[in-house]
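The values are calculated or read from the model by the stated rules, or taken from the named source; none is laboratory data. Quantities reported herein were computed from a predicted structural model and do not represent experimental measurements. No Cβ is skipped: glycine too gets one built from the backbone with ideal geometry, and neighbour counts run over all protein chains shown. The area values use the complete protein model at the heavy-atom level, side chains included, leaving out ligands, DNA and RNA. Shrake-Rupley method; radii C 1.70, N 1.55, O 1.52, S 1.80 Å.
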Amino acid sequence: MHREFIELLEANAEHAETHKSKFDDVQDSQEPDVVTVCCSDSRVLQDHMWGNDEPGRIFTCGNIGNRVVQRTDAGDVVSGDVLYPVAHTGTETVVVVGHTGCGAVTATYDELTDGLSEPDGISHCLELLKPHLEPGVELLPDDVDRAAAINRLVEYNVDRQVEFLAESDDIPATVDVIGVVYDFQDVYSGNRGEVHVINVDGETDVDALREEHPDLESRIERRWEY
């Protein structure tokens, strides 16, 4: 047996001991306050970034590129894992969580600029991102370096995912849709691991966001505007 998995089980024993009474109110149903859509990346601590250890509080989704889009025979729709808590559990806040140095954004950028060869499963995910990122690639300054290009596109991707939710008939107008970037590369001001708000219900102007949401002011920050 791999030692790494044994260590996971040992940590789970501690988890079970501290959480055994926390499931009393959520054993049979759930009404999460928030659904988060994070990137599948080992550096993105999807619940821990919020300090969350309460079962039933956050409905956490993860995929390559923090996508909210699912492709069906009827066209592109809001992904079922994101839509489920909104449609069935009364969740009224959706948070799209991008992150600095995103590998999915990097791969999509490389696919759009140079072409890539990836296994079919990965290629499918990149194909879902490409139409949303391609206009952003075209807007990149000629003198931007690779790292800066990726992090510009991280913001651009978050904006496009928020936009897709805001324009979908499946998401009620009463639902708040927020776009953030999780920073562990010192791209934004503040500490590594902080979440920076870049988009609220489609509004991306920093001054407008700070005026409208003074309680979020210290975390509202964009690095680039399009």
Residue check for residue 21: farther than 30 Å from residue 221 by Cβ, open to solvent by 30 Å² or more (accessible area, probe 1.4 Å) and among the hydroxyl-bearing types (Ser, Thr, Tyr): yes
Meets criteria (open to solvent by 30 Å² or more (accessible area, probe 1.4 Å), hydrophobic (A, V, I, L, M, F, W, C), modelled with pLDDT of 95 or more and over 25 Å from the mean Cα position of the chain (by Cα)) for residue 11: yes
Selection within the range 87-118 - among the β-branched types (Val, Ile, Thr) and at pLDDT 95 or above: 89, 91, 93, 94, 95, 96, 97, 100, 105, 106, 108
For the range 157-178, pairs from a residue that is open to solvent by 20 Å² or more (accessible area, probe 1.4 Å) to a residue that is of a type in the set (Asp, Glu), with Cβ under 7 Å and 6 or more apart or across chains, are 166/201; 174/92; 176/92; 176/201
Within the range 57-95, can you find the residues that are assigned to a loop (DSSP other than H, G, I, E, B), among the small types (Gly, Ala, Ser) and open to solvent by less than 30 Å² (accessible area, probe 1.4 Å)? 65, 79
I'd like the full set of residues that are in a helix (DSSP H, G or I) and open to solvent by 40 Å² or more (accessible area, probe 1.4 Å), limited to the range 138-148. 138, 146, 147
Just to be sure before I move on: is residue 53 loosely packed, with under 13 Cβ neighbours inside 10 Å and touching a residue at least 24 places away in the same chain (Cβ under 8 Å) in the structure I sent? yes
Out of curiosity, is residue 60 over 30 Å from residue 174 (Cβ atoms) and at pLDDT 95 or above? no
Count, please, the residues in the range 204-218 that happen to be open to solvent by less than 70 Å² (accessible area, probe 1.4 Å) and assigned to a helix (DSSP H, G or I). 4
Would you be able to say whether some residue in the range 119-137 is part of a loop (DSSP other than H, G, I, E, B) and either open to solvent by 70 Å² or more (accessible area, probe 1.4 Å) or at pLDDT 95 or above (or both)? yes
Can you confirm whether the range 149-158 contains a residue that is more than 15 Å from residue 68 (Cβ to Cβ), part of a helix (DSSP H, G or I) and over 17 Å from the mean Cα position of the chain (by Cα)? yes
